[in-house]
Structure formats: structure tokens, C-alpha cells
Amino acid sequence: MSLIMAGYLALDGAHRPDDPFLWPDVAVAAFLAIRSALPARHAPTALLFAFGWAGGVLTVSVFSYVVRGEFAWPNLGLVLIAVAMAALLARHVTRDPTRGRRQASSAGSEARSVGAGG
């Protein structure tokens with residue numbers, strides 16, 4: 001998504017100083033690019049912020065077309081991708097890292113107790 005935003009800014013003439021989306025779009029491209037380069041420990045939380053920011057900026061962009069009587073399908077596609085990625089990252093960030101280990105260790109305990117009793 002960062003490359004899409006950077007390409008759009010470079011090729012579509014959107015880098016005009018009077019474009020109200022210039023700096024928010026630059027921020028989307030920069031946030032996603034920089035945060036994706038972070039170490040694995042910090043990247044999911046940072047990317048959650050970046051995709052949330054992207055979803056907000058792109059949603060405003062979609063509705064800026066709607067009020068003019070137009071519709072920007074590509075922008076809506078990017079909104080859906082940003083929101084989906086933010087949701088997946090939120091799930092990843094809030095997941096209990098010991099959840100799988102507890103189940104595995106309790107299953108191993110049960111197997112040992114069954115084997116010892118039989």
C-alpha cells in the first residue's frame with residue numbers, strides 16, 4: 001500500500017501544494033514504509049497505527065468524491081484493505097502469547113496421568 005500511495009503521489013500529479021490530501025497521503029506512505037521496516041517485536045503495533053491512519057485518510061478521500069457526485073472504487077478498495085489489515089493486526093497484537101502453550105502443556109499432563117494410571 002505504501003508503494004501504491006507513493007506511486008500515486010509521484011505519477012498522478014497529486015503532489016500539488018493546493019491538494020488537501022498531499023500531507024496525509026505522504027504520511028500514509030511514510031508510516032507504512034517506516035513501520036514495516038521495524039523489528040518483528042514492534043512492527044505489529046506500529047503497523048496497526050499506520051493501517052488505521054491509512055483507513056481514515058482514505059475514507060475521507062472516498063467521501064470527498066461522494067460529495068461531488070462521483071465514486072472512487074480504487075480508494076474504497078484501499079480502505080477495505082487498510083481496515084482488514086488493521087483488524088488482523090489488532091487480533092495479533094491482543095492475542096495471548098501463552099494460549100497455545102497452556103493448552104499443549106495441559107494436554108501433556110493429561111496424557112502422562114492417563115499413562116500412569118493405566
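The values are calculated or read from the model by the stated rules, or taken from the named source; none is laboratory data. Remember, it's a predicted structure, so these values are computed and weren't measured experimentally. Cβ coordinates were reconstructed from backbone atoms using ideal geometry, including for glycine residues, and neighbour counts include every protein chain displayed. Accessible surface areas use protein heavy atoms only, side chains included; no ligands, DNA or RNA. Shrake-Rupley method; radii C 1.70, N 1.55, O 1.52, S 1.80 Å.
For every residue, the table says whether it meets (1) of a type in the set (Phe, Trp, Tyr); (2) surrounded by 15 or more Cβ atoms within 10 Å (Cβ to Cβ); (3) modelled with pLDDT under 95; (4) over 20 Å from residue 20 (Cα atoms).
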position	(1), (2), (3), (4)
43	no, yes, yes, yes
47	no, yes, yes, yes
54	no, yes, yes, no
61	no, yes, yes, no
69	no, no, no, no
75	no, yes, yes, no
80	no, no, no, yes
85	no, yes, yes, yes
### Query
What about residue 16, is it within 26 Å of residue 91 (Cα to Cα) and open to solvent by 50 Å² or more (accessible area, probe 1.4 Å)?
no
Residue pairs qualifying under the 7 Å Cβ cut-off, at least six apart or on distinct chains, with the first in segment 40-61 being farther than 18 Å from residue 80 by Cα and touching a residue at least 40 places away in the same chain (Cβ under 8 Å) and the second being assigned to a helix (DSSP H, G or I) and open to solvent by 30 Å² or more (accessible area, probe 1.4 Å), are 44/92; 44/93; 45/93
